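Take a look at the structure set out below.
The values are calculated or read from the model by the stated rules, or taken from the named source; none is laboratory data. Here the structure is a predicted model, which is why all the values come from computation and not from measurement. Positions of Cβ are backbone-derived with ideal geometry, glycine not excepted, and every protein chain shown enters the neighbour counts.
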Amino acid sequence: MALKIDTQLTAKKLTPKIERLFDLSAEKILSLEKHWQPARGTPVFTVKGQYTSRGWTEWTQGFQFGSALLQYDATGEERFLELGRLQTVRYMATHVSHVGVHDHGFNNIPTYGNLRRLMREGKIAANEREREFYELALKVSGAVQAARWTPTADGQGYIYSFNGPHSLFIDTLRSLRSLAVAHQLGQVLMGERDRKISLLQRLVEHAATTARYAVYYGAGRDAYDVRGRTAHESLFNLNDGSYRCPNSQQGYSPFSTWTRGLAWAICGYAEQLEFFHHLGSRAGARAVDAPVAEDTARVLKGAAAIIETMLQAATATADFYLTHACSDGVPVWDTGAPWLHKLGDYARRPADPYNAWEPVDSSAAAIASQGLIRLGHYLMARGDPAAGSRYRQAGLTVAHTLFAEPYLATNPKHQGLLLHSVYHRPNGWDYVAPGQKVPNGESSLWGDYHMRELALMLWREIRGESYLTFFDYGGS
């Protein structure tokens, strides 16, 4: 095992680091808000410490305004609530009805979803009309996301990526949150001749299709079938729905593992396991609106199979991450990157963001850390304390690394919060500073958001607040 797990670490021991993180976070959010010009598009990642816009789609705007809402949750500072609320109303409507992306869970859950959650938790004053506004946005978002659908030869299907109907991205696992929340709110997708299409069923089918084709299990699927590997993209023949091959957009190759994609799988499956565990409980059943209660019961009849599929995928990807991350929990951007051999036995040492050969990706670490903690939480709740503790302690170990230098951005002139994030290495989009040979020292909106979300999850635990989830526990 490459990651050196600290078995004695607790969330409470991270208190000073988390307090410092949110102090710095406040400065970063306000700096970006003050200097960003909306006409330039959505901020995506930093160049020389300043946020710039460049991307395939506007998939990061929800992280921009969602970060302010996480900051409010952590600190209670009203200015961040007002910032997040105002900008959500002002800029996020087009994301709700966006038919061209697989990113609804990235944009709309951090904004409309967080606002609704805060109101349900009593952290925002109750306002029925305001809550209905958030819920309408979440209902539409979930249905629009579910409509982006390609059927497969085995009778199931998947939400296709912005590349087109032939393309399944591993990232979309975390976008399934939009379907889950919309389902809980009683939404269905209306098809031809008023056919009602279950959002929960599409969630299940997408999760199963991804687990089957985008995750490896060491079963001899091809010459590079190592348990826990993931493919960034899976390609299908649209004429008959058959699977053709793996591919990679942001990784090095179809047969290596892009570690941020791996992290999306860990976090996405862990969250959906939590969702199904709750959905099958009495509280979960009460949280589902009456119009879809019958649909929920029908899907849950076959829940054992999908839960086992998701658990197999979650544990395989988590184990692969633990083996291939560096000893402090931060991974290199791709496990097959061409110059890794120059780094020697890199996985037995702490990551070196300033090495001369291959960049690390701290954003992958932030996403994976949350996923590992959630997987541990799920397994302990399921009655497997040994495995659950192992994953939880691994996640805490990664968080301990990220919440301090050289990953925590302490320079007030740098607009990012989490340093050494990588966006698109193959396309050469990441800034390489003078004197450096690979990208380092820069931040991304998804890295910053997931750093805050990770810290907030632990901060709420430390303060004895309810466990942070994207879905509705059913409280008032």
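So here's what we get for this one:
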read-out	value
Exclusive hit being assigned to a helix (DSSP H, G or I), out of contact with any strand residue (DSSP E or B) (no Cβ under 6 Å at 6 or more places or on another chain), closer than 21 Å to Ala337 by Cβ and of a type in the set (D, E, K, R), set Arg286, Arg260	Arg260
Every pair of residues 6+ apart whose Cβ atoms lie under 7 Å, when the first sits in the range 215-227 and is more than 18 Å from Leu168 (Cβ to Cβ) while the second is of a type in the set (S, T, N, Q) and modelled with pLDDT of 95 or more	none
Residues within the range 451-474 that are within 21 Å of Gly261 (Cα to Cα) and either in contact with a strand residue (DSSP E or B) (Cβ under 8 Å, 6 or more places away or on another chain) or modelled with pLDDT under 95 (or both), tallied	1
Count of the range 186-203 residues which are over 21 Å from Gly302 (Cα atoms) and either part of a loop (DSSP other than H, G, I, E, B) or acidic (Asp, Glu) (or both)	4
Test: residue in the range 355-375 that is part of a loop (DSSP other than H, G, I, E, B), modelled with pLDDT of 95 or more and touching a strand residue (DSSP E or B) at 6+ places or on another chain (Cβ under 6 Å)	yes
Residues satisfying the stated conditions in the range 58-69, i.e. in contact with a Pro (Cβ under 8 Å, 6 or more places away or on another chain) and either surrounded by fewer than 23 Cβ atoms within 10 Å (Cβ to Cβ) or over 16 Å from Lys34 (Cα atoms) (or both)	Thr60, Gly62, Phe63, Gly66, Leu69
Meets criteria (part of a helix (DSSP H, G or I), touching a residue at least 40 places away in the same chain (Cβ under 8 Å), β-branched (Val, Ile, Thr) and within 23 Å of Pro426 (Cβ to Cβ)) for Ile306	no
Top-ranked residue in the range 226-257 [being among the hydroxyl-bearing types (Ser, Thr, Tyr) and part of a loop (DSSP other than H, G, I, E, B); ranked as farthest from Thr209 (Cα to Cα)]	Tyr252
Members of the range 428-464 that are touching a residue at least 40 places away in the same chain (Cβ under 8 Å) and in a loop (DSSP other than H, G, I, E, B)	Trp429, Asp430, Tyr431, Ala433, Gln436, Lys437, Val438, Pro439, Asn440, Gly441, Glu442, Ser443
Pairs, first basic (Lys, Arg) in the range 178-189, second in a loop (DSSP other than H, G, I, E, B), C-beta under 9 Å, six or more apart	none
Residue that is nearest to Ala455 (Cα to Cα), among those in the range 14-61 that are touching an Asp or Glu at 6+ places or on another chain (Cβ under 6 Å) and not aromatic (Phe, Trp, Tyr)	Thr46
Test: residue in the range 194-214 that is without any contact (Cβ under 8 Å) to a residue 12 or more places away in the chain, over 24 Å from Asp361 (Cβ atoms) and either touching a Lys or Arg at 6+ places or on another chain (Cβ under 8 Å) or of a type in the set (A, V, I, L, M, F, W, C) (or both)	no
Residue list for the range 339-354, filter: in a helix (DSSP H, G or I) and either polar (S, T, N, Q) or closer than 23 Å to Thr230 by Cα (or both)	Leu340, His341, Leu343, Tyr346, Ala347, Arg348
Sole residue being more than 21 Å from Glu205 (Cα to Cα), hydroxyl-bearing (Ser, Thr, Tyr) and without any contact (Cβ under 8 Å) to a residue 12 or more places away in the chain, chosen from Ser281, Ser256	Ser281
Filter result for Asn163 (surrounded by fewer than 17 Cβ atoms within 10 Å (Cβ to Cβ), among the polar types (S, T, N, Q) and either without any contact (Cβ under 8 Å) to a residue 60 or more places away in the chain or outside any helix (DSSP H, G or I) (or both))	yes
Residue that is at pLDDT 95 or above, in a loop (DSSP other than H, G, I, E, B) and at positive phi, where the choices are Gly336, Gly329	Gly329
Given (1) farther than 19 Å from Ala68 by Cα; (2) within 18 Å of the chain's Cα centre (by Cα), index of the condition Tyr112 fails	(1)
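To keep it simple, each residue is scored yes or no on (1) among the β-branched types (Val, Ile, Thr); (2) surrounded by fewer than 21 Cβ atoms within 10 Å (Cβ to Cβ); (3) touching a Pro at 6+ places or on another chain (Cβ under 7 Å).
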{"residue": "Lys4", "(1), (2), (3)": "no, yes, no"}
{"residue": "Leu24", "(1), (2), (3)": "no, yes, no"}
{"residue": "Trp36", "(1), (2), (3)": "no, yes, yes"}
{"residue": "Gly41", "(1), (2), (3)": "no, yes, no"}
{"residue": "Val44", "(1), (2), (3)": "yes, no, no"}
{"residue": "Trp56", "(1), (2), (3)": "no, yes, no"}
{"residue": "Tyr72", "(1), (2), (3)": "no, no, no"}
{"residue": "Glu82", "(1), (2), (3)": "no, yes, no"}
